[in-house]
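Following: one structure in structure tokens, then a few remarks.
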Amino acid sequence: MSARVQTAPFVLADELAGLEAGAGALVSFTGIVRDDSGRLEALEIEHYPGMTERALADYGAEAARRFQLTGWRIVHRFGRLPVGAEIMMVAAAARHRHAAFDGAAYLMDWLKSRAPFWKREIDVGGAARWVEAKDSDEAALTRW
Amino acid sequence: MRRDILYFASLRERVGAARETVETEAATVRELVAERAAASPAHAAAFADLKALRCALDQQFADLDAPLGEAREIAFFPPMTGG
């Protein structure tokens, strides 16, 4: 039951350790910096210190309540992350798999458009642009 | 009332500052936006698209018509792109 924001890489196995207690299912998701254009070098991720931690903890607690999770974990990195780097992870543990899958999907959908993070793409050569929010990410929240 | 205003991401870049402290009589977020937009051409550019403007009062999301109340820290930023 914890949310963290950090620049350092995380080790997925370490983050999942302990979440099996009392659970019958454990689902985790890891987001990775992806190069769609063929010229992306890195993402720079900015966040709102203080509010981010509070928002993530709130979404985790809400997911635990809605899906009767036995445990959950969120780790989100910020700063400069090269292509291929792990950006973030969520994990949801529950008695049964549907709740664990739903809990992880719920956390991801809220994190995408309701946690104060902003991504900037840095191309090879240094050109930079802010990533625009997608309508589909906003729409994804309506299913909850 | 004295209020701290924070800017993030593209708004921070457009305004040219991450934080400013202002003395304001604005009663709602919308009134504060109008006041700040008039402060300089850079502020006007930052606040040009209200549909793409998000706000938090003391680190809680708020909409444009929310009263500022006793909020000390008011943050403006574009739609979020986490995950």
0 to 90° range, to nearest 10: angle between helix A:51-67 axis and chain A longest Cα axis: 40 degrees
Of chain A, which part is the longest with no GluC sites (Glu not before Pro) in a loop (DSSP not H, G, I, E, B) and with at most 14 other C-beta atoms within 10 angstrom? A:21-131
Lys, Arg +1 and Asp, Glu -1 on Cβ, resulting dipole of segment A:10-77 about Cα centre, debye, nearest 20: 260 debye
Could you work out what % of the accessible surface of the protein assembly as shown is carbon and sulfur, using a 1.4 angstrom probe and leaving DNA, RNA and ligands out of the count? 52 percent
Chain pair A, B: how much accessible area is buried, both chains summed, with a 1.4 Å probe, in Å² to 100? 1900 Å²
Simple spin-label estimate for A:GLU44/B:THR24, 7 Å along Cα→Cβ, in nm, reads 2.6 nm
Just how much of A:HIS96 is accessible, in Å², when a 1.4 Å probe is used and the result is rounded to the nearest 10? 140 Å²
Quote the relative contact order of segment B:15-83 in percent (integer), defining contacts as alpha-carbon pairs under 8 Å separated by 6+ residues. 31 percent
Taking DSSP loops as anything outside H, G, I, E and B, show the longest stretch in chain B free of GluC sites (Glu not before Pro) there with at most 10 other beta carbons within 10 Å. B:26-69
Anything losing 40 Å² or more of accessible area from the isolated chain to the full protein assembly: pick those residues out of segment B:53-83, probe 1.4 Å, ligands and DNA/RNA ignored. B:GLN59, B:PHE61, B:MET80, B:THR81, B:GLY82, B:GLY83
With R₀ set to 22 angstrom, the calculated FRET efficiency between the beta-carbons of A:SER136 and A:ARG65, to the nearest 0.05, is 0.25
Out of the trypsin sites (Lys or Arg not before Pro) in segment A:24-65, which ones are loop residues according to DSSP with at most 15 other C-beta atoms within 10 Å? A:ARG34, A:ARG39
Tell me, what is the FRET efficiency for A:ARG80 and B:ALA37 to the nearest 0.05, using R0 = 22 angstrom and their Cβ-Cβ distance as r? 0.10
Can you give the angle from 0 to 90° between the axis of helix A:97-114 and the longest principal axis of chain A, with both taken from C-alpha atoms, to the nearest 10? 40 degrees
To the nearest Å², the heavy-atom accessible area per residue of segment B:2-77 with 1.4 Å probe amounts to 49 Å²
Zone of B:ASP4 (label point 7 Å along Cα→Cβ, backbone N under 20 Å): which residues in segment A:53-92? A:53-56
Could you pull the accessible area for A:LYS134 with a 1.4 Å probe, rounded to 10 Å²? 110 Å²
Phi angles of segment B:45-58, converted by Karplus (6.51 cos²θ - 1.76 cosθ + 1.60, θ = phi - 60°) into ³J(HN,Hα) in whole Hz with x for Gly and Pro, give 5, 5, 9, 5, 10, 5, 5, 9, 10, 10, 9, 9, 10, 6
Gaussian network model of chain A, Cα within-10 Å springs - most flexible of A:GLY71, A:GLY84, A:GLY38: A:GLY38
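The values are calculated or read from the model by the stated rules, or taken from the named source; none is laboratory data. This is a predicted model, so every value here is computed, not measured. For neighbour counting, all protein chains shown are included, and Cβ atoms are generated from backbone atoms with ideal geometry for every residue, glycine included. With ligands, DNA and RNA removed, areas are computed over all heavy atoms of the protein, side chains included. Shrake-Rupley method; radii C 1.70, N 1.55, O 1.52, S 1.80 Å.
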